[in-house]
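Let me begin by presenting the structure, written as structure tokens, before commenting on it.
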Amino acid sequence: MPLECADWLLKPTTHIRTTFGEPKDAADWFAEQLAQHCGNFAGTYAPTVADPDAIVRRLSEGDDVVGGWWVTGGRFLSLSLIACSPHRVRRDYVCPVR
């Protein structure tokens, strides 16, 4: 786990699950991932739904969208969208190409 979310951009491209050309596509993916796991959330801090408009806005401003939740069986679900082109904090980082 990197100290800063933007450091995920330094991973080899073979370790990146997917990339998106548009913030809307990334927001849809994030919402879909939450929906797939919603029946497994444990505790009272589970998200209800993702707000795709808010996610698009954050990514468009160069901010990351990161979430983590405990799910049943003592497991942890981590979802991360790392902004790119440019990243607000690490403008010198290059976006991965797949």
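The values are calculated or read from the model by the stated rules, or taken from the named source; none is laboratory data. Just so it is clear, the structure is predicted and the values come from calculations on it, not from any experiment. Backbone-built Cβ (ideal geometry, glycine too); neighbour counts: all protein chains shown. SASA here: full protein model, heavy atoms, side chains in, ligands and nucleic acids out. Shrake-Rupley method; radii C 1.70, N 1.55, O 1.52, S 1.80 Å.
Things worth noting here:
- Potential extension, residue 66-residue 28 segment - 0.36 nm per residue separation minus Cα distance: 12.2 nm
- Net charge dipole size for segment 1-45 [Lys, Arg +1 and Asp, Glu -1 on Cβ; Debye, nearest 20]: 120 debye
- Positive-end ranking of 14, 42, 78 along the dipole of the chain, with charges on Cβ about the Cα centre, is headed by 14.
- At full extension, residue 15 and residue 88 could sit 24.0 nm farther apart than now, given 0.36 nm per residue minus the alpha carbon distance.
- Accessible-area ranking of 89, 65, largest first, probe 1.4 Å: 89, 65
- Computed [θ] at 222 nm, deg cm²/dmol, the chain (DSSP H ≥ 4; -39,500 (n - 2.57); rounded to nearest 500): -7500 deg cm²/dmol
- Computed Kirkwood radius, in angstrom, where 1/r is averaged over Cα pairs of segment 53-98: 12.0 Å
- Global size of the chain as Cα Rg and Dmax, reported in angstrom: 13.9, 40
- Here the simple spin-label model places points 7 Å from the Cα toward Cβ, and for residue 53 and residue 80 these points are separated by 2.9 nm.
- Surface analysis of segment 1-84 yields an accessible area of 64 Å² per residue, using protein heavy atoms and a 1.4 Å probe.
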